[in-house]
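Engineer: Structure in structure tokens, see below.
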Amino acid sequence: MRDVFIGSERLAQGALTRGQLRWNYEAIFPDVYQPKAALPSLCPRIVGAWLWSGRNYVVAGCAAAALHGALWVDATTPIELIGCRGRPPRGIVVRKERIDPSEIILVDGVPTTCPARTALDLARHLPRDTAVRHLDALARATGVRADDVLSLAARYPRARGLRRAEVALDLMDGGAQSPKETWLRLVLIDAGFPRPRTQIKVSDGVNTAFLDMGWDEPMIGMDYDGGQHQVDRLRYVHDIGRNELVRREGWIDLHVVAEHSKRFIVHRAAEAFARRGHSLTLRPGW
């Protein structure tokens, strides 16, 4: 990211004048600049935060997940760093924590927590649902497994948030392809349904479809349909044939959209289980 740099270094090198720096660049962190014409983006902010640290800290948390290819990290998310410098500027969070050198890898030249350490930090520091959303995306991008993360966690038996981490890691599933799929899966689990399997393949030997999640024995699937399913004409046409294939193969496939409440979703799923002859005991409140 050559467009992100330490201003005082460029001035000392004679690469820029103070006037050029003032008129053509903007500070994203103290003494860290990027071109004024640059669009808001996460990667320059990650590089900028690392430069602010004097190139000494390790990128962690959601920022590290993004560097590993995980999707759904907001461009404005605070950049987490593991280091010791106090009082970071707005937009940077510094965690003074232990980290083994084996847990650090270079991503485009930037020291970054490895996928397992990244997952551990996400699971420890974030609320459960937010953590699982980011863990799903990280697992999908890297293949990291909960067992790998828990093995690493054994190095730090007194670290904060380990119990919370175990809960979130147990729910991690790289089969989720969007935050809403993660949300739907957690709604079903919290209501008392058996844990659904993700990305279920349905085929007639010629054509193939994939259900976002579902249960094999009762042959009940759940799909979250985002806005693109209604506005993309080609997707709409494709879905007609896809849904007919799923029905022909004997599946009940329930489609969820943004307007559906949690209670309505749970009611429809429980009704489908009853139609298949499977009794359920939902948790209180559902």
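The values are calculated or read from the model by the stated rules, or taken from the named source; none is laboratory data. Just so it is clear, the model here is predicted, and its values are computed rather than measured. Virtual Cβ from ideal backbone geometry, glycine too; neighbours counted across all protein chains shown. These area figures cover heavy atoms from the full protein model, side chains too; ligands, DNA and RNA do not enter into them. Shrake-Rupley method; radii C 1.70, N 1.55, O 1.52, S 1.80 Å.
Engineer: What are the pairs, 6+ residues apart or on separate chains, where a residue within segment 1-20 that is farther than 14 Å from GLY48 by Cα has its Cβ under 6 Å from a residue that is assigned to a loop (DSSP other than H, G, I, E, B)?
Structural biologist: Sorted first by the residue in segment 1-20, then by its partner, the pairs are ARG10/LEU16.
Engineer: Right, something else. Would you mention how many residues in segment 132-147 are free of Cβ contacts under 8 Å to residues at least 60 places away in the same chain, surrounded by fewer than 18 Cβ atoms within 10 Å (Cβ to Cβ) and part of a helix (DSSP H, G or I)? Show your work before the answer.
Structural biologist: Of all residues in segment 132-147, those free of Cβ contacts under 8 Å to residues at least 60 places away in the same chain come to 132, 135-136, 139, 143-147.
Of the ones still in play, those that are also surrounded by fewer than 18 Cβ atoms within 10 Å (Cβ to Cβ) are 143, 145, 147.
Imposing the further condition that a residue be part of a helix (DSSP H, G or I) reduces the set to 147.
Going through segment 132-147 one residue at a time, the tally reaches 1.
Engineer: So how many residues does segment 41-66 have that are farther than 15 Å from ILE6 by Cβ, at pLDDT 95 or above and either of a type in the set (Phe, Trp, Tyr) or surrounded by fewer than 21 Cβ atoms within 10 Å (Cβ to Cβ) (or both)?
Structural biologist: 2
Engineer: Filter segment 28-40 for residues that are over 18 Å from PRO89 (Cα atoms) and either touching a Gly at 6+ places or on another chain (Cβ under 7 Å) or open to solvent by less than 50 Å² (accessible area, probe 1.4 Å) (or both) and give the result.
Structural biologist: Correct list: PRO35, ALA38.
Engineer: Please enumerate the residues belonging to segment 109-161 that are basic (Lys, Arg) and in contact with a strand residue (DSSP E or B) (Cβ under 9 Å, 6 or more places away or on another chain). Spell out the reasoning first.
Structural biologist: If we filter segment 109-161 for residues that are basic (Lys, Arg), which is where we start, we get 117, 124, 128, 133, 140, 145, 155, 158, 160.
Selection gives ARG117 alone.
Engineer: Pairs under 7 Å by beta carbon, first residue within 20 Å of VAL132 (Cα to Cα) in segment 180-207, partner assigned to a strand (DSSP E or B) and of a type in the set (Val, Ile, Thr), six or more apart or different chains?
Structural biologist: Every condition considered, the pairs that remain are LEU184/VAL256.
Engineer: Within segment 112-131, take every residue that is open to solvent by less than 10 Å² (accessible area, probe 1.4 Å) and assigned to a helix (DSSP H, G or I) and give me the one that is farthest from LYS96 (Cα to Cα).
Structural biologist: Start the filter on segment 112-131 by keeping residues that are open to solvent by less than 10 Å² (accessible area, probe 1.4 Å), which leaves 112-113, 117-123, 131.
Filter again for assigned to a helix (DSSP H, G or I), leaving 117-123, 131.
Working: ARG117: 15, THR118: 15, ALA119: 17, LEU120: 15, ASP121: 12, LEU122: 15, ALA123: 17, ALA131: 20 Å.
Ranking the candidates gives ALA131 first.
Engineer: Scan segment 69-86 and tell me whether some residue there is among the small types (Gly, Ala, Ser), buried (at least 16 other Cβ atoms within 10 Å of the Cβ), part of a helix (DSSP H, G or I) and touching a helix residue (DSSP H, G or I) at 6+ places or on another chain (Cβ under 6 Å).
Structural biologist: Residues of segment 69-86 among the small types (Gly, Ala, Ser): 69-70, 75, 83, 86.
Filter once more, keeping what is buried (at least 16 other Cβ atoms within 10 Å of the Cβ): 70, 83.
Next cut, part of a helix (DSSP H, G or I) only: none.
No, because not a single residue in segment 69-86 is among the small types (Gly, Ala, Ser), buried (at least 16 other Cβ atoms within 10 Å of the Cβ), part of a helix (DSSP H, G or I) and touching a helix residue (DSSP H, G or I) at 6+ places or on another chain (Cβ under 6 Å).
Engineer: Still on this structure, please answer the following. Checking ASN24 against (1) buried (at least 18 other Cβ atoms within 10 Å of the Cβ); (2) in contact with a Pro (Cβ under 8 Å, 6 or more places away or on another chain), which single condition isn't satisfied?
Structural biologist: Checking ASN24 against (1) buried (at least 18 other Cβ atoms within 10 Å of the Cβ); (2) in contact with a Pro (Cβ under 8 Å, 6 or more places away or on another chain), the one that fails is (1).
Engineer: Here is a follow-up. State whether the residues of segment 216-226 include one that is open to solvent by less than 20 Å² (accessible area, probe 1.4 Å), at pLDDT below 95 and in contact with a helix residue (DSSP H, G or I) (Cβ under 9 Å, 6 or more places away or on another chain).
Structural biologist: yes
Engineer: For segment 29-47: of the residues being outside any loop (DSSP other than H, G, I, E, B) and under 30 Å from GLY174 (Cβ atoms), which is nearest to the chain's Cα centre (by Cα)?
Structural biologist: In this case the residue turns out to be LEU42.
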